[in-house]
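Participant: This is the structure I want to talk about, given as C-alpha coordinates.
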Amino acid sequence: MPDVPKNVAATASALSIPVARSEKADIEHDLVRRAQSGEEAAFEELIRRHQQRVFGLVNGILRRRDDVEDVVQQVFLKVFVSLKRFDQRSAFSTWLYKISVNECWDYLRKRKVRPLTYEADLSEDQVSRLDGVASADKPPEDPSQRAEARDLLERMLERLPEEDQQLLMLKEVEGFSVQELAEMLNLNVNTVKVRLFRSRARLTEVYKRKLESNTSQPNTREKRG
Amino acid sequence: MTLDPMIETSGACPDFEARLYDRISGEMSASDITAVDAHLKNCPACAAAFERATFSARLLRIAEPTPDPGPGFAHLTMAHIRQAQRDLAEERSIWSPFVSLAWKFAATAGVALALVLTFDISQHRTTVDGTYLSPSDDAGLFSDVNYKSSDRDDFLVSPADENHGKR
Ligand SMILES: [Zn+2]
(Lines give C-alpha, C1' and ligand atoms only; values in the text may rest on other atoms or scores of the structure.)
Protein backbone atom coordinates (compact mmCIF):
# COMPACT_ATOMS: atom_id res chain seq x y z
CA MET A 1 0.00 0.00 0.00
CA PRO A 2 2.20 2.84 -1.21
CA ASP A 3 -0.33 5.59 -0.39
CA VAL A 4 -0.51 4.73 3.28
CA PRO A 5 1.78 7.02 5.31
CA LYS A 6 4.34 5.22 7.46
CA ASN A 7 2.81 6.28 10.79
CA VAL A 8 -0.72 5.27 9.70
CA ALA A 9 0.54 1.87 8.63
CA ALA A 10 2.36 1.50 11.94
CA THR A 11 -0.78 2.43 13.91
CA ALA A 12 -2.86 0.01 11.87
CA SER A 13 -0.29 -2.68 12.51
CA ALA A 14 -0.31 -1.95 16.22
CA LEU A 15 -4.09 -2.28 16.20
CA SER A 16 -3.79 -5.58 14.32
CA ILE A 17 -5.64 -4.16 11.32
CA PRO A 18 -4.40 -5.87 8.17
CA VAL A 19 -2.96 -3.15 5.92
CA ALA A 20 -1.40 -5.18 3.14
CA ARG A 21 -1.72 -8.92 3.30
CA SER A 22 0.90 -11.05 1.70
CA GLU A 23 0.09 -14.11 -0.36
CA LYS A 24 1.22 -16.32 2.53
CA ALA A 25 -1.15 -14.51 4.87
CA ASP A 26 -3.96 -14.92 2.32
CA ILE A 27 -3.38 -18.67 2.20
CA GLU A 28 -3.36 -18.80 5.99
CA HIS A 29 -6.53 -16.71 6.21
CA ASP A 30 -8.20 -19.16 3.85
CA LEU A 31 -6.94 -22.17 5.81
CA VAL A 32 -8.32 -20.71 9.04
CA ARG A 33 -11.68 -20.00 7.39
CA ARG A 34 -11.88 -23.57 6.05
CA ALA A 35 -10.84 -25.02 9.41
CA GLN A 36 -13.53 -22.90 11.07
CA SER A 37 -16.12 -24.45 8.79
CA GLY A 38 -15.02 -27.90 9.99
CA GLU A 39 -12.49 -28.96 7.37
CA GLU A 40 -10.03 -31.09 9.33
CA ALA A 41 -7.45 -31.22 6.52
CA ALA A 42 -7.18 -27.42 6.68
CA PHE A 43 -6.56 -27.54 10.41
CA GLU A 44 -3.94 -30.25 9.96
CA GLU A 45 -2.19 -27.97 7.45
CA LEU A 46 -2.25 -25.14 10.00
CA ILE A 47 -0.60 -27.44 12.54
CA ARG A 48 2.05 -28.41 9.99
CA ARG A 49 2.81 -24.76 9.24
CA HIS A 50 3.16 -23.73 12.88
CA GLN A 51 4.31 -26.85 14.73
CA GLN A 52 8.01 -25.98 14.77
CA ARG A 53 7.51 -22.48 16.14
CA VAL A 54 5.05 -23.69 18.79
CA PHE A 55 7.55 -26.39 19.76
CA GLY A 56 10.26 -23.71 20.00
CA LEU A 57 8.01 -21.44 22.04
CA VAL A 58 6.94 -24.14 24.50
CA ASN A 59 10.47 -25.50 24.75
CA GLY A 60 11.84 -21.99 25.27
CA ILE A 61 9.53 -21.51 28.26
CA LEU A 62 9.41 -24.98 29.81
CA ARG A 63 12.75 -26.49 28.82
CA ARG A 64 11.38 -29.84 29.96
CA ARG A 65 11.78 -31.89 26.83
CA ASP A 66 9.64 -34.83 27.97
CA ASP A 67 6.56 -32.66 28.45
CA VAL A 68 6.95 -30.33 25.49
CA GLU A 69 5.15 -32.60 23.01
CA ASP A 70 2.17 -33.09 25.35
CA VAL A 71 1.86 -29.36 25.95
CA VAL A 72 2.08 -28.58 22.22
CA GLN A 73 -0.68 -31.12 21.48
CA GLN A 74 -2.79 -29.54 24.19
CA VAL A 75 -2.21 -26.12 22.60
CA PHE A 76 -3.49 -27.34 19.23
CA LEU A 77 -6.49 -29.03 20.88
CA LYS A 78 -7.41 -25.72 22.56
CA VAL A 79 -6.95 -23.86 19.30
CA PHE A 80 -9.19 -26.39 17.51
CA VAL A 81 -11.92 -26.09 20.15
CA SER A 82 -11.94 -22.28 20.18
CA LEU A 83 -11.18 -21.68 16.51
CA LYS A 84 -14.74 -20.60 15.72
CA ARG A 85 -14.36 -17.71 18.15
CA PHE A 86 -11.21 -16.44 16.40
CA ASP A 87 -12.26 -13.43 14.30
CA GLN A 88 -9.05 -13.16 12.20
CA ARG A 89 -8.57 -9.51 13.17
CA SER A 90 -5.07 -10.40 14.31
CA ALA A 91 -2.71 -12.86 12.65
CA PHE A 92 -3.44 -16.51 13.38
CA SER A 93 0.15 -16.90 14.65
CA THR A 94 -0.29 -14.09 17.20
CA TRP A 95 -3.40 -15.78 18.57
CA LEU A 96 -1.74 -19.20 18.51
CA TYR A 97 1.36 -17.95 20.38
CA LYS A 98 -0.76 -16.31 23.06
CA ILE A 99 -2.62 -19.58 23.61
CA SER A 100 0.74 -21.38 23.73
CA VAL A 101 2.14 -19.01 26.36
CA ASN A 102 -1.02 -19.36 28.48
CA GLU A 103 -0.88 -23.14 28.17
CA CYS A 104 2.73 -23.08 29.43
CA TRP A 105 1.76 -20.96 32.47
CA ASP A 106 -1.22 -23.27 33.11
CA TYR A 107 1.03 -26.29 32.88
CA LEU A 108 3.59 -24.83 35.28
CA ARG A 109 0.85 -23.79 37.72
CA LYS A 110 -1.05 -27.09 37.64
CA ARG A 111 2.04 -29.23 37.95
CA LYS A 112 3.52 -26.76 40.44
CA VAL A 113 6.81 -27.06 38.61
CA ARG A 114 9.30 -24.49 37.51
CA PRO A 115 11.12 -24.62 34.21
CA LEU A 116 14.02 -27.05 34.20
CA THR A 117 16.63 -26.08 36.78
CA TYR A 118 20.05 -27.47 37.45
CA GLU A 119 20.82 -27.91 41.10
CA ALA A 120 24.56 -28.32 40.71
CA ASP A 121 26.85 -25.44 39.86
CA LEU A 122 29.31 -25.63 36.95
CA SER A 123 32.58 -27.34 37.75
CA GLU A 124 35.82 -25.63 36.81
CA ASP A 125 36.38 -28.24 34.14
CA GLN A 126 33.01 -27.48 32.61
CA VAL A 127 33.71 -23.73 32.66
CA SER A 128 36.96 -24.41 30.80
CA ARG A 129 35.17 -26.44 28.16
CA LEU A 130 32.53 -23.74 27.76
CA ASP A 131 35.33 -21.19 27.39
CA GLY A 132 36.82 -23.31 24.63
CA VAL A 133 33.51 -23.36 22.80
CA ALA A 134 32.91 -19.62 23.26
CA SER A 135 36.41 -18.76 22.07
CA ALA A 136 36.23 -20.94 18.96
CA ASP A 137 35.28 -19.43 15.62
CA LYS A 138 32.40 -21.84 15.16
CA PRO A 139 30.24 -23.87 17.54
CA PRO A 140 31.34 -27.54 17.82
CA GLU A 141 30.16 -29.82 15.05
CA ASP A 142 30.25 -33.02 17.08
CA PRO A 143 26.66 -33.64 18.32
CA SER A 144 27.74 -34.83 21.78
CA GLN A 145 30.00 -31.77 22.23
CA ARG A 146 27.18 -29.54 21.05
CA ALA A 147 24.75 -31.18 23.48
CA GLU A 148 27.19 -30.69 26.34
CA ALA A 149 27.78 -27.06 25.35
CA ARG A 150 24.05 -26.43 25.30
CA ASP A 151 23.73 -28.05 28.70
CA LEU A 152 26.49 -25.80 30.04
CA LEU A 153 24.89 -22.71 28.52
CA GLU A 154 21.57 -23.56 30.15
CA ARG A 155 23.34 -23.78 33.49
CA MET A 156 24.73 -20.30 32.92
CA LEU A 157 21.27 -19.08 32.01
CA GLU A 158 20.01 -20.44 35.32
CA ARG A 159 21.82 -17.54 36.95
CA LEU A 160 19.43 -15.11 35.29
CA PRO A 161 15.84 -14.35 36.36
CA GLU A 162 13.43 -16.89 34.89
CA GLU A 163 11.67 -14.39 32.61
CA ASP A 164 15.00 -13.22 31.21
CA GLN A 165 16.02 -16.80 30.46
CA GLN A 166 12.77 -17.31 28.59
CA LEU A 167 13.14 -14.08 26.63
CA LEU A 168 16.72 -14.96 25.64
CA MET A 169 15.78 -18.47 24.58
CA LEU A 170 12.75 -17.28 22.59
CA LYS A 171 14.49 -14.38 20.86
CA GLU A 172 18.13 -15.37 20.48
CA VAL A 173 17.75 -19.14 20.15
CA GLU A 174 14.27 -19.89 18.84
CA GLY A 175 14.21 -16.82 16.60
CA PHE A 176 11.01 -15.05 17.62
CA SER A 177 10.99 -11.35 16.76
CA VAL A 178 10.83 -8.58 19.35
CA GLN A 179 7.37 -7.69 18.02
CA GLU A 180 6.15 -11.28 18.41
CA LEU A 181 7.51 -11.47 21.96
CA ALA A 182 5.86 -8.17 22.86
CA GLU A 183 2.50 -9.40 21.56
CA MET A 184 2.57 -12.85 23.13
CA LEU A 185 3.82 -11.60 26.50
CA ASN A 186 1.72 -8.40 26.53
CA LEU A 187 4.82 -6.24 26.85
CA ASN A 188 5.87 -2.99 25.26
CA VAL A 189 8.35 -3.45 22.37
CA ASN A 190 10.83 -1.14 24.09
CA THR A 191 10.55 -3.10 27.33
CA VAL A 192 11.37 -6.32 25.47
CA LYS A 193 14.46 -4.70 23.91
CA VAL A 194 15.69 -3.32 27.23
CA ARG A 195 15.20 -6.64 28.95
CA LEU A 196 16.95 -8.52 26.17
CA PHE A 197 19.88 -6.11 26.25
CA ARG A 198 20.21 -6.40 30.02
CA SER A 199 19.85 -10.19 29.92
CA ARG A 200 22.58 -10.50 27.32
CA ALA A 201 24.92 -8.25 29.27
CA ARG A 202 24.17 -10.21 32.45
CA LEU A 203 24.81 -13.55 30.77
CA THR A 204 28.30 -12.43 29.79
CA GLU A 205 28.83 -11.01 33.27
CA VAL A 206 27.92 -14.38 34.83
CA TYR A 207 30.20 -16.18 32.41
CA LYS A 208 33.17 -13.84 32.99
CA ARG A 209 32.79 -14.15 36.76
CA LYS A 210 32.80 -17.91 36.45
CA LEU A 211 35.96 -17.73 34.36
CA GLU A 212 37.60 -15.35 36.83
CA SER A 213 36.78 -17.52 39.83
CA ASN A 214 38.09 -20.47 37.84
CA THR A 215 41.44 -18.88 37.06
CA SER A 216 41.88 -17.33 40.52
CA GLN A 217 41.69 -20.79 42.18
CA PRO A 218 44.07 -22.96 40.14
CA ASN A 219 44.66 -25.44 42.98
CA THR A 220 41.04 -26.50 43.14
CA ARG A 221 40.95 -27.62 39.51
CA GLU A 222 39.56 -31.09 38.99
CA LYS A 223 42.19 -33.72 38.66
CA ARG A 224 41.90 -35.90 35.64
CA GLY A 225 43.60 -39.17 35.11
CA MET B 1 17.88 -20.66 40.77
CA THR B 2 20.37 -18.39 42.51
CA LEU B 3 20.23 -14.84 41.30
CA ASP B 4 23.30 -12.71 41.34
CA PRO B 5 22.44 -9.49 43.20
CA MET B 6 25.46 -7.75 41.66
CA ILE B 7 24.03 -7.66 38.16
CA GLU B 8 20.58 -6.10 38.39
CA THR B 9 21.13 -3.74 35.45
CA SER B 10 23.35 -3.63 32.40
CA GLY B 11 25.17 -0.53 33.65
CA ALA B 12 24.37 1.37 30.44
CA CYS B 13 22.40 4.64 30.31
CA PRO B 14 18.79 3.44 30.83
CA ASP B 15 17.44 5.62 28.01
CA PHE B 16 19.93 4.05 25.65
CA GLU B 17 19.51 0.34 26.30
CA ALA B 18 16.78 -0.28 23.72
CA ARG B 19 18.81 1.49 21.04
CA LEU B 20 21.91 -0.46 21.99
CA TYR B 21 19.88 -3.64 21.54
CA ASP B 22 18.81 -2.46 18.08
CA ARG B 23 22.48 -1.76 17.30
CA ILE B 24 23.41 -5.36 18.21
CA SER B 25 20.49 -6.79 16.24
CA GLY B 26 21.41 -4.71 13.21
CA GLU B 27 17.89 -3.31 13.05
CA MET B 28 18.90 0.31 12.67
CA SER B 29 19.12 2.98 10.03
CA ALA B 30 22.56 4.31 9.03
CA SER B 31 21.93 7.67 10.71
CA ASP B 32 20.86 5.97 13.98
CA ILE B 33 23.99 3.79 13.87
CA THR B 34 26.14 6.92 13.59
CA ALA B 35 24.36 8.51 16.56
CA VAL B 36 24.65 5.39 18.74
CA ASP B 37 28.29 4.85 17.85
CA ALA B 38 29.05 8.48 18.74
CA HIS B 39 27.44 7.91 22.15
CA LEU B 40 29.39 4.69 22.66
CA LYS B 41 32.65 6.56 22.03
CA ASN B 42 31.86 9.08 24.76
CA CYS B 43 30.13 6.86 27.33
CA PRO B 44 32.32 4.18 28.94
CA ALA B 45 29.34 2.67 30.83
CA CYS B 46 27.36 2.09 27.65
CA ALA B 47 30.46 0.89 25.83
CA ALA B 48 31.18 -1.73 28.53
CA ALA B 49 27.55 -2.95 28.60
CA PHE B 50 27.45 -3.03 24.81
CA GLU B 51 30.60 -5.13 24.72
CA ARG B 52 29.17 -7.62 27.24
CA ALA B 53 25.85 -7.85 25.42
CA THR B 54 27.65 -8.37 22.11
CA PHE B 55 29.91 -11.08 23.53
CA SER B 56 26.87 -13.06 24.73
CA ALA B 57 26.24 -13.98 21.09
CA ARG B 58 29.25 -16.32 21.34
CA LEU B 59 27.54 -18.14 24.19
CA LEU B 60 24.02 -18.07 22.79
CA ARG B 61 25.07 -19.49 19.41
CA ILE B 62 25.83 -22.76 21.22
CA ALA B 63 22.14 -23.36 21.71
CA GLU B 64 20.22 -24.46 18.68
CA PRO B 65 16.56 -23.88 17.95
CA THR B 66 14.17 -26.68 18.78
CA PRO B 67 13.99 -28.98 15.76
CA ASP B 68 10.82 -29.53 13.79
CA PRO B 69 8.95 -32.51 15.27
CA GLY B 70 8.60 -33.97 11.78
CA PRO B 71 5.82 -34.52 9.25
CA GLY B 72 4.05 -37.12 11.37
CA PHE B 73 3.37 -34.71 14.22
CA ALA B 74 0.46 -32.86 12.59
CA HIS B 75 -1.21 -36.17 11.74
CA LEU B 76 -0.66 -37.50 15.25
CA THR B 77 -2.03 -34.30 16.78
CA MET B 78 -5.13 -34.48 14.56
CA ALA B 79 -5.70 -38.04 15.80
CA HIS B 80 -5.27 -36.79 19.38
CA ILE B 81 -7.83 -34.03 18.75
CA ARG B 82 -10.33 -36.48 17.23
CA GLN B 83 -9.89 -38.80 20.20
CA ALA B 84 -10.41 -35.91 22.63
CA GLN B 85 -13.58 -34.90 20.76
CA ARG B 86 -14.86 -38.49 20.84
CA ASP B 87 -14.12 -38.76 24.58
CA LEU B 88 -16.02 -35.54 25.17
CA ALA B 89 -18.99 -36.75 23.12
CA GLU B 90 -18.96 -40.08 24.96
CA GLU B 91 -18.83 -38.36 28.31
CA ARG B 92 -21.82 -36.28 27.27
CA SER B 93 -23.74 -39.38 26.06
CA ILE B 94 -23.11 -41.21 29.37
CA TRP B 95 -24.68 -38.39 31.33
CA SER B 96 -27.31 -37.39 28.78
CA PRO B 97 -30.07 -39.87 29.98
CA PHE B 98 -29.64 -38.58 33.52
CA VAL B 99 -29.60 -35.01 32.37
CA SER B 100 -32.75 -35.43 30.23
CA LEU B 101 -34.48 -37.32 33.08
CA ALA B 102 -33.61 -34.49 35.44
CA TRP B 103 -35.03 -31.97 32.98
CA LYS B 104 -38.23 -34.02 32.52
CA PHE B 105 -38.64 -34.28 36.28
CA ALA B 106 -38.09 -30.56 36.69
CA ALA B 107 -40.59 -29.79 33.90
CA THR B 108 -43.24 -32.15 35.38
CA ALA B 109 -42.75 -30.68 38.84
CA GLY B 110 -43.08 -27.19 37.39
CA VAL B 111 -46.33 -28.04 35.55
CA ALA B 112 -47.75 -29.74 38.64
CA LEU B 113 -46.94 -26.75 40.81
CA ALA B 114 -48.54 -24.42 38.29
CA LEU B 115 -51.70 -26.57 38.17
CA VAL B 116 -51.99 -26.70 41.96
CA LEU B 117 -51.59 -22.95 42.22
CA THR B 118 -54.11 -22.26 39.41
CA PHE B 119 -56.65 -24.69 40.88
CA ASP B 120 -56.22 -23.28 44.37
CA ILE B 121 -56.71 -19.70 43.26
CA SER B 122 -59.73 -20.41 41.05
CA GLN B 123 -61.52 -22.36 43.79
CA HIS B 124 -61.17 -19.63 46.37
CA ARG B 125 -63.77 -16.89 46.46
CA THR B 126 -64.15 -13.68 48.35
CA THR B 127 -66.74 -13.10 51.06
CA VAL B 128 -68.52 -9.83 51.55
CA ASP B 129 -66.02 -8.61 54.09
CA GLY B 130 -63.18 -9.69 51.87
CA THR B 131 -62.18 -12.93 53.70
CA TYR B 132 -61.57 -16.09 51.69
CA LEU B 133 -63.60 -19.25 52.32
CA SER B 134 -62.92 -22.65 50.86
CA PRO B 135 -65.74 -24.79 49.32
CA SER B 136 -65.25 -27.56 51.89
CA ASP B 137 -65.72 -25.11 54.73
CA ASP B 138 -68.84 -23.91 53.01
CA ALA B 139 -70.48 -27.35 52.75
CA GLY B 140 -69.64 -28.35 56.32
CA LEU B 141 -71.10 -25.28 57.88
CA PHE B 142 -74.27 -24.91 55.83
CA SER B 143 -76.58 -27.79 54.94
CA ASP B 144 -78.27 -25.66 52.35
CA VAL B 145 -75.68 -25.25 49.62
CA ASN B 146 -77.61 -22.36 48.12
CA TYR B 147 -77.54 -20.51 51.39
CA LYS B 148 -74.79 -17.98 51.63
CA SER B 149 -74.11 -16.16 54.84
CA SER B 150 -74.24 -12.43 54.35
CA ASP B 151 -72.33 -11.37 57.42
CA ARG B 152 -70.12 -12.65 60.23
CA ASP B 153 -73.00 -12.80 62.86
CA ASP B 154 -75.23 -14.91 60.62
CA PHE B 155 -72.32 -17.26 60.02
CA LEU B 156 -71.75 -17.77 63.78
CA VAL B 157 -75.45 -18.15 64.75
CA SER B 158 -76.72 -20.56 62.04
CA PRO B 159 -75.39 -23.93 63.48
CA ALA B 160 -76.93 -23.15 66.87
CA ASP B 161 -80.39 -22.58 65.26
CA GLU B 162 -80.32 -26.00 63.59
CA ASN B 163 -79.83 -27.79 66.90
CA HIS B 164 -82.58 -25.82 68.63
CA GLY B 165 -80.71 -25.99 71.88
CA LYS B 166 -80.54 -29.83 71.79
CA ARG B 167 -77.41 -31.89 71.69
ZN1 LIG C 1 25.67 5.92 27.89
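Participant: Please determine, by comparing only the residues of region B:49-92 that are surrounded by fewer than 15 Cβ atoms within 10 Å (Cβ to Cβ) and small (G, A, S), which one is farthest from the other protein chains (Cβ to nearest Cβ).
Facilitator: The residue in question is B:A89.
Participant: If you don't mind, another one. Of the residues A:L46, A:L77, A:L57, which is under 12 Å from B:M78 (Cβ atoms), within 9 Å of chain B (Cβ to nearest Cβ) and in contact (Cβ under 8 Å) with a residue 40 or more places away in the chain?
Facilitator: A:L46 is the lone residue from the list that is under 12 Å from B:M78 (Cβ atoms), within 9 Å of chain B (Cβ to nearest Cβ) and in contact (Cβ under 8 Å) with a residue 40 or more places away in the chain.
Participant: Follow-up question, since we're still on this one. Within region B:17-27, is there a residue that is within 49 Å of the chain's Cα centre (by Cα), assigned to a loop (DSSP other than H, G, I, E, B) and modelled with pLDDT under 95?
Facilitator: yes
Participant: Out of all the residues in region B:43-81, which are more than 26 Å from A:D70 (Cα to Cα) and of a type in the set (G, A, S)?
Facilitator: B:A45, B:A47, B:A48, B:A49, B:A53, B:S56, B:A57
Listed here are the residues, each with its yes/no results for (1) assigned by TED's automatic domain parsing to the domain that holds A:Q74; (2) touching a Lys or Arg at 6+ places or on another chain (Cβ under 6 Å); (3) within 17 Å of B:A53 (Cα to Cα); (4) surrounded by 14 or more Cβ atoms within 10 Å (Cβ to Cβ).
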site	(1), (2), (3), (4)
A:A134	no, yes, yes, yes
A:D137	no, no, no, no
A:E148	no, no, no, yes
A:L152	no, no, no, yes
A:E172	no, no, yes, yes
A:E183	no, no, no, yes
A:N186	no, no, no, no
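Participant: Taking B:L20 as meeting all but one of (1) open to solvent by 40 Å² or more (accessible area, probe 1.4 Å); (2) at the interface with another protein chain (Cβ under 7 Å from one of its Cβ atoms); (3) within 16 Å of the ligand (Cβ to nearest atom), write down the number of the exception.
Facilitator: With respect to (1) open to solvent by 40 Å² or more (accessible area, probe 1.4 Å); (2) at the interface with another protein chain (Cβ under 7 Å from one of its Cβ atoms); (3) within 16 Å of the ligand (Cβ to nearest atom), B:L20 is out only on (1).
Participant: While we're looking at this one, here's another question. May I ask you to verify whether B:A35 is part of a helix (DSSP H, G or I) and surrounded by fewer than 16 Cβ atoms within 10 Å (Cβ to Cβ)?
Facilitator: When the stated conditions are applied, B:A35 passes them.
Participant: Still on this structure, please answer the following. Within region A:29-38, which residues are at pLDDT 95 or above and either within 15 Å of A:V75 (Cβ to Cβ) or within 14 Å of another protein chain (Cβ to nearest Cβ) (or both)?
Facilitator: A:L31, A:A35, listed by residue number.
Participant: From the list A:F55, A:F80, A:F43, pick out the single residue that is at pLDDT 95 or above, among the hydrophobic types (A, V, I, L, M, F, W, C) and open to solvent by 30 Å² or more (accessible area, probe 1.4 Å).
Facilitator: Testing whether each residue is at pLDDT 95 or above, among the hydrophobic types (A, V, I, L, M, F, W, C) and open to solvent by 30 Å² or more (accessible area, probe 1.4 Å) leaves just A:F80.
Participant: Can you find a residue that is within 15 Å of B:Y21 (Cβ to Cβ) and within 16 Å of the ligand (Cβ to nearest atom) anywhere in region B:53-67?
Facilitator: Looking for residues that are within 15 Å of B:Y21 (Cβ to Cβ) and within 16 Å of the ligand (Cβ to nearest atom), one finds at least one in region B:53-67, hence yes.
Participant: Another question about this same structure. Quick one: A:E162 ticks every box in (1) at pLDDT 90 or above; (2) facing another protein chain (nearest Cβ under 8 Å) except a single one, so which number is it?
Facilitator: A:E162 satisfies all of (1) at pLDDT 90 or above; (2) facing another protein chain (nearest Cβ under 8 Å) except (1).
The values are calculated or read from the model by the stated rules, or taken from the named source; none is laboratory data. In this text the structure is predicted, and so the values were computed from the model without any measurement. Cβ: placed from backbone, ideal geometry, glycine included. Neighbour counts: every protein chain shown. Accessible surface is based on the protein model in full, side chains and every heavy atom, while ligands, DNA and RNA are left aside. Shrake-Rupley method; radii C 1.70, N 1.55, O 1.52, S 1.80 Å.
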